1. Answer yes if at least one residue in the range 188-210 is in contact (Cβ under 8 Å) with a residue 60 or more places away in the chain, within 16 Å of the ligand (Cβ to nearest atom) and either in contact with a Ser or Thr (Cβ under 7 Å, 6 or more places away or on another chain) or farther than 21 Å from N294 by Cβ (or both), and no otherwise.
2. G222 fails exactly one of the following numbered conditions: (1) touching a Leu at 6+ places or on another chain (Cβ under 9 Å); (2) away from the ligand (no atom under 16 Å from the Cβ); (3) open to solvent by less than 40 Å² (accessible area, probe 1.4 Å). What is the number of that condition?
3. Could you tell me which residue of the range 172-182 is farthest from the ligand (Cβ to nearest atom), considering only residues that are of a type outside the set (D, E, K, R) and under 25 Å from E227 (Cβ atoms)?
4. Output yes when any residue across the range 157-171 is open to solvent by 10 Å² or more (accessible area, probe 1.4 Å), closer than 18 Å to S271 by Cα, away from the ligand (no atom under 15 Å from the Cβ) and of a type in the set (S, T, Y), and no when none is.
5. Restricting the first residue to the range 220-242 and requiring it to be over 21 Å from E174 (Cβ atoms), which pairs with a second residue that is modelled with pLDDT of 95 or more and open to solvent by 50 Å² or more (accessible area, probe 1.4 Å) meet a Cβ separation below 8 Å and a spacing of at least six or different chains?
6. For the structure I just gave you, tell me whether L185 is away from the ligand (no atom under 12 Å from the Cβ) and open to solvent by less than 40 Å² (accessible area, probe 1.4 Å).
7. Can you name the residue in the range 121-134 that is on the phi < 0 side of the Ramachandran plot and out of contact with any helix residue (DSSP H, G or I) (no Cβ under 8 Å at 6 or more places or on another chain) and, of all such residues, is surrounded by the most Cβ atoms within 10 Å (Cβ to Cβ)?
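The values are calculated or read from the model by the stated rules, or taken from the named source; none is laboratory data. None of these values were measured; they are calculated from a predicted model. Cβ: placed from backbone, ideal geometry, glycine included. Neighbour counts: every protein chain shown. Side chains are part of the model used for accessible areas, which takes the heavy atoms of the whole protein and leaves out ligands, DNA and RNA. Shrake-Rupley method; radii C 1.70, N 1.55, O 1.52, S 1.80 Å.
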Amino acid sequence: MSKKCIWFLYFLLMFAAFDGCGKVSSGTEHAPLYEEVEDASEYIVVGFLQVGSESDWRMGSTNSFKNTFTEENGYYLLFEDAQQKQENQLKSIRNFILQEVDYIILDPIVETGWDAVLTEARDAGIPVILADRSIDVEDKELYTCWVGSDFEKEGQRAGEWLVDYLQKQGRSDEEIRIVTLQGTLGSTAQIGRTAGFAAVLEEQENWEMLEYMSGDFTQAKGQEVMEYFLDTYEEIDVVVSENDNMTFGAVDAIREAGKTCGPEGEIIILSFDASRAALRAMLRGEINVDFECNPILAPKIEEIIQKLENNETVEKVQYAEEQYFDTSMDLEKIIKTRTY
Ligand code: GYE
């Protein structure tokens, strides 16, 4: 099938997805239609399945893909925002297969449930590259490679930071009560961060994890869950929040409950992502420490695609470099260098 035909098919599929009010029924954001593309065969056509737009991290990731896979760079990017629903990603992969895209880049919302659809992609001869989160499939050949973060290391680093911080505060022998705001359950970021922190927690006799609960990586749910924690537990010493946006919600809930947090407050806050907005909140004294997670993955993936185009082999797993930030650092200077 020629690329022109593919675009025509795409046009028809999108047309079929419109409901009577002229809105896209799946609620996802769609790429430009056939008529807007002069000749797609000039480009490497990449279908990217984004998780959603739930966080600052996510916006950084979206910008990274949109700025890298440009027509100027020789790409035509089909961008799908799944609004945090795996069923939307499954549908979009099947659409990409029908359109015979050259590559599929998948940021999977959760780890399980991909075997069938990725077998379809393999049968169609379309390479699948995983970005950010990973998947749990029996046959690892169903994807070409994964570029993301070592989430378990991030969680472990958070636990080790807390051991060290409490020691410096002379609180090593105190009873430490912790709650965790988890990300989307079953996502690699949640699984890894929870497991990494738990490995350190297990070794501390005086730490108690009061409860784990998911805030789905959003500010609104983060606030709701934190309100519940504050209503339920009289004493909370530490909040582990698996992303910055849930942290913003948690900080609001703490304030509304008449409590304080951060280096000078009652509750120690550990966060993940290290977005610019969170580092600003740290400057205001609301967060103690933030473990970086790098969303700028598209340039590395573009390099991989170029290698694949030249029939070169690529590494199966590639981790992004990461660090952490706390108030002992020159945050004003660091904020200026942040890109998300
Ligand atoms: O931490 C969070 C986002 O998968 C690493 O997803 C990503 C996570 C990130 O919603 O802010």
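1. Checked the range 188-210: at least one residue is in contact (Cβ under 8 Å) with a residue 60 or more places away in the chain, within 16 Å of the ligand (Cβ to nearest atom) and either in contact with a Ser or Thr (Cβ under 7 Å, 6 or more places away or on another chain) or farther than 21 Å from N294 by Cβ (or both).
2. Tallying (1) touching a Leu at 6+ places or on another chain (Cβ under 9 Å); (2) away from the ligand (no atom under 16 Å from the Cβ); (3) open to solvent by less than 40 Å² (accessible area, probe 1.4 Å), G222 fails exactly one: (2).
3. The selected residue is I176.
4. Yes, the range 157-171 has at least one match.
5. V225/M213; E227/E256; E227/A257; Y228/M213
6. Taking the combined requirement at face value, the residue does not satisfy it.
7. Here the answer is L130.
Quick grid of which residues meet (1) outside any helix (DSSP H, G or I); (2) within 16 Å of the ligand (Cβ to nearest atom); (3) among the charged types (D, E, K, R):
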{"residue": "V251", "(1), (2), (3)": "no, yes, no"}
{"residue": "I254", "(1), (2), (3)": "no, no, no"}
{"residue": "K259", "(1), (2), (3)": "yes, no, yes"}
{"residue": "G265", "(1), (2), (3)": "yes, no, no"}
{"residue": "A278", "(1), (2), (3)": "no, yes, no"}
{"residue": "A281", "(1), (2), (3)": "no, yes, no"}
{"residue": "G285", "(1), (2), (3)": "yes, no, no"}
{"residue": "P295", "(1), (2), (3)": "yes, yes, no"}
{"residue": "P299", "(1), (2), (3)": "no, no, no"}
